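**Student:** Before I ask anything, here is the structure I am working with.
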Amino acid sequence: MTTPNYSLAELVIVAAAEAWRHDGEVMATGIGPLPRLGTALAKTTFNPALQTTDGECFYTSEPVPPGPRGDREPEIEGWSPYDRVFSTLWGGKRHAMVAPVQIDRFGQTNISVIGDHAKPKSAMLGARGFPGNSVHHPNSFFFASHTTRAFVPGEVDFVCSAGYNPARYLNGKPPAGLDLRIIVTELAVLDFGAPDHAIRVVSLHPGVTFEQVQDNTGFPLVRPDHIPTTPAPTAEQLDLIARLDPNGVRKTVFKDNPPGDRRAA
Amino acid sequence: MLDKRMTIDDVVAQLSDGMTVGIGGWATRRKPMALVRAILRSGLKDLTVVSYGGPDIGLLAAEKRIRKLVFSFVSLDHYPLDPHFRAARQAGLEVLELDEGMFHLGLRAAAMRVPFLPTRIGAGTDIIRQPAFRTVRSPYEDGEELIAVPALKLDAALLHVHRSDQRGNVLTLSPDPLFDELMARAADKVYVSAEKVVPTAELDMRANARFNLCERSLITGVAEAPFGAHPTSADPDYQLDLKHLKAYVDSASSAEAWAAYRASFVELPPEHYLEAVGGPDRIAALPKPVY
């Protein structure tokens, strides 16, 4: 049996989809093309109960492809105005994979500012829904660029989403809904499964070493004795991904759309 | 007969320096932009602006009308970062930064006339290290420490609606009503710009009741402003104008570029604005953007 050729983007989509495998009937939100295609792949394979939206305010029966839809109008199955998104997320029935600018060893993330909050070196979006998301429903993360600029030493510049940081717990207790799941990057899959929720490497993308991941991370990672290789997409998954992304938006995420197996490069 | 009609300049004349003003809509959706441009033409300044921010914030920030911004984001959706907002922020614009849902709770608290509403939102983050925030202990057995989101009381709310009658019975017809209702309830005075002001019968309220934003007793003034949300959308009447949004973004590149934008699109009588941006037919035909 030959292993099909696949891109890094496709490897990431397959790894991201795993985030929603055991979630049952919840709202799946993937911010950015690859997490979004991850929700689509999860929904069309192992978790058809997931609810996904058109990116505006409707739930659709089938995942909506990133980019232009041509004449194909998706079938609408429900309504999700922002008010309901808040109600849903406060109720916990959602799992989001978001793409922060910075993350630290506690899993705290930042999308607000680089530098001082009062007079930032770089003003970005603002905290958006990150604070509320982080303490009400499961959250996962995607980083297209796994570097020490993103995986920062110390704490992120402005903590927008809560992490496993006892120094910030109110009354000594972690926020009730805090549930950080996986981090998918261009190099590896990580999670919070080590003692005290420390971040560990779950799998390395083909051709990537632990040292390479550690060198691009601004804090120590937990290294399990055995680290598997991130599973390659199957031929069936590749075929599905191509159908879920007919515009090929996935090819634009990483520069030059590199192969998923670095050894093949 | 109850008649709340006025012009957009009349609305701005009701506002005064230093007020706390809520601006409805969300990012590039249903922003009362004709009213924002009228503020820019007036001398109104030192505003505390409360907004799910879009180009409303960038325009007001570019002209230094904002003393303090209460926000959780400023986004142009297709251009994720608003260069006017960024420049103001990086120059030290005072802010109160909220989570999106916390923002909702602050408006809700003001609407309910209570000082705060409790939530877990903000726990573990830098949001609650801003001086505006306090925590509160649950008085029940759980004893949980919660965030007390302070009421976001507004002196005035500026909203853009699709239809209104002269009494202020309004309809917002877009698929997402956003949080304009809460803005209206949190405000002492509510001014709406409306695509069309029509006789009450034409609202067809029996069929459209679910689009009725709030009761008319909340509405202070109604100003007819066709395409008054442009360049943001007022779906289904018209969509976001990406081409104009690009001109807006490009206008942040230099003082000259901003002066040129201002001269072309702000410093002109409101009745000339539509022609300046390509005419009503062009705007009405804009394609629906993909999110």
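The values are calculated or read from the model by the stated rules, or taken from the named source; none is laboratory data. Small disclaimer: the values here were computed from a predicted structure and weren't measured. All Cβ positions, glycine included, derive from the backbone under ideal geometry; neighbour counts span all protein chains shown.
**Student:** Pull up the range A:223-265, narrow it to residues that are of a type in the set (A, V, I, L, M) and out of contact with any helix residue (DSSP H, G or I) (no Cβ under 8 Å at 6 or more places or on another chain), then point me to the one that is modelled with the lowest pLDDT.
**Tutor:** First, the residues of the range A:223-265 that are of a type in the set (A, V, I, L, M): A:227, A:232, A:235, A:238, A:240-242, A:244, A:249, A:253, A:264-265.
Next cut, out of contact with any helix residue (DSSP H, G or I) (no Cβ under 8 Å at 6 or more places or on another chain) only: A:235, A:242, A:264-265.
On the way: A:Ala235: 97, A:Ala242: 98, A:Ala264: 64, A:Ala265: 55.
Only one residue fits best here, namely A:Ala265.
**Student:** Report those strands (runs of 3 or more DSSP E) wholly inside the range A:84-193 carrying at least 3 residues which are without any contact (Cβ under 8 Å) to a residue 60 or more places away in the chain and more than 10 Å from every other protein chain (Cβ to nearest Cβ).
**Tutor:** Numbers: elements: A:94-98, A:139-143, A:180-185, A:188-191.
Ranges flagged: A:139-143, A:188-191.
**Student:** Moving on to the next point. Collect the residues in the range B:118-162 that are under 15 Å from B:Gly106 (Cβ atoms), of a type in the set (A, V, I, L, M) and within 18 Å of the chain's Cα centre (by Cα), keeping them in residue-number order.
**Tutor:** B:Ala151, B:Leu152, B:Leu154, B:Ala157
**Student:** Which pairs turn up if I take residues in the range B:30-47 that are among the hydroxyl-bearing types (Ser, Thr, Tyr) and look for partners that are assigned to a helix (DSSP H, G or I) with beta carbon separation below 6 Å, at least 6 apart in sequence or on another chain?
**Tutor:** B:Ser42/B:Val12
**Student:** Taking the criterion of being crowded, with 21+ Cβ neighbours inside 10 Å, on the phi < 0 side of the Ramachandran plot and out of contact with any Gly (no Cβ under 9 Å at 6 or more places or on another chain), would at least one residue in the range A:8-25 satisfy it? Spell out the reasoning first.
**Tutor:** First, the residues of the range A:8-25 that are crowded, with 21+ Cβ neighbours inside 10 Å: A:8-20.
Next, from what is left, pick out any that are on the phi < 0 side of the Ramachandran plot: A:8-20.
In the following step, the residues that additionally are out of contact with any Gly (no Cβ under 9 Å at 6 or more places or on another chain) were identified as none.
The answer is no; no qualifying residue exists.
**Student:** Hey, another quick one. Scan the range B:218-226 and tell me whether some residue there is under 27 Å from B:Asp82 (Cα atoms) and modelled with pLDDT of 95 or more.
**Tutor:** Taking the range B:218-226 and keeping what is under 27 Å from B:Asp82 (Cα atoms), we get B:225-226.
If we keep only those that are modelled with pLDDT of 95 or more as well, we get B:225-226.
Yes, because at least one residue in the range B:218-226 is under 27 Å from B:Asp82 (Cα atoms) and modelled with pLDDT of 95 or more.
**Student:** Please go through (1) in contact with a strand residue (DSSP E or B) (Cβ under 8 Å, 6 or more places away or on another chain); (2) surrounded by fewer than 24 Cβ atoms within 10 Å (Cβ to Cβ); (3) part of a loop (DSSP other than H, G, I, E, B); (4) of a type outside the set (Asp, Glu) for B:Lys31 and return the number of the only condition it doesn't satisfy.
**Tutor:** So the condition that B:Lys31 fails would be (2).
**Student:** Here's another thing I want to ask about it. Being in a loop (DSSP other than H, G, I, E, B), away from every other protein chain (no Cβ under 14 Å), in contact (Cβ under 8 Å) with a residue 60 or more places away in the chain and closer than 30 Å to A:Arg72 by Cα narrows it down to one of A:Phe219, A:Phe254, so name that one. Before the answer, list the steps.
**Tutor:** Working: A:Phe219 fails: closer than 30 Å to A:Arg72 by Cα.
Testing whether each residue is in a loop (DSSP other than H, G, I, E, B), away from every other protein chain (no Cβ under 14 Å), in contact (Cβ under 8 Å) with a residue 60 or more places away in the chain and closer than 30 Å to A:Arg72 by Cα leaves just A:Phe254.
**Student:** How many residues are more than 30 Å from A:Asp54 (Cβ to Cβ) and without any contact (Cβ under 8 Å) to a residue 60 or more places away in the chain if we restrict to the range A:222-249?
**Tutor:** 8
**Student:** Specify the residue that is surrounded by the most Cβ atoms within 10 Å (Cβ to Cβ); the eligible residues are those in the range B:1-28 that are acidic (Asp, Glu) and in contact with a Gly (Cβ under 9 Å, 6 or more places away or on another chain). Steps first, please.
**Tutor:** Restricting attention to the range B:1-28, the residues satisfying the condition of being acidic (Asp, Glu) are B:3, B:9-10, B:17.
Filter once more, keeping what is in contact with a Gly (Cβ under 9 Å, 6 or more places away or on another chain): B:10, B:17.
Working: B:Asp10: 13, B:Asp17: 11.
Selected residue: B:Asp10.
**Student:** Out of (1) surrounded by fewer than 20 Cβ atoms within 10 Å (Cβ to Cβ); (2) of a type outside the set (Lys, Arg); (3) out of contact with any Phe, Trp or Tyr (no Cβ under 9 Å at 6 or more places or on another chain), the odd one out for B:Ala285 is which?
**Tutor:** Just one mismatch for B:Ala285, condition (3).
**Student:** Still on this structure: Taking the range B:38-51, which residues are part of a loop (DSSP other than H, G, I, E, B) and not polar (S, T, N, Q)?
**Tutor:** Within the range B:38-51, the subset part of a loop (DSSP other than H, G, I, E, B) is B:42-46.
Passing the criteria: B:Gly43, B:Leu44, B:Lys45, B:Asp46.
**Student:** Of A:His137, A:His95, A:His146, A:His117, which residue is at pLDDT 95 or above, surrounded by fewer than 18 Cβ atoms within 10 Å (Cβ to Cβ) and either closer than 25 Å to B:Phe179 by Cβ or within 17 Å of the chain's Cα centre (by Cα) (or both)? Show your work before the answer.
**Tutor:** Numbers: A:His137 fails: surrounded by fewer than 18 Cβ atoms within 10 Å (Cβ to Cβ); A:His95 fails: surrounded by fewer than 18 Cβ atoms within 10 Å (Cβ to Cβ); A:His146 fails: surrounded by fewer than 18 Cβ atoms within 10 Å (Cβ to Cβ).
None of the other options fit; the residue is A:His117.
**Student:** On to the next question. Can you tell me which residue in the range A:63-76 is farthest from B:Lys288 (Cα to Cα), limited to those that are surrounded by 14 or more Cβ atoms within 10 Å (Cβ to Cβ) and not basic (Lys, Arg)? Outline the logic, then answer.
**Tutor:** Filtering the range A:63-76 for residues surrounded by 14 or more Cβ atoms within 10 Å (Cβ to Cβ) gives A:63-67, A:69, A:74, A:76.
Imposing the further condition that a residue be not basic (Lys, Arg) reduces the set to A:63-67, A:74, A:76.
Values: A:Pro63: 19, A:Val64: 15, A:Pro65: 16, A:Pro66: 15, A:Gly67: 12, A:Pro74: 14, A:Ile76: 17 Å.
For the range A:63-76, the residue satisfying everything is A:Pro63.
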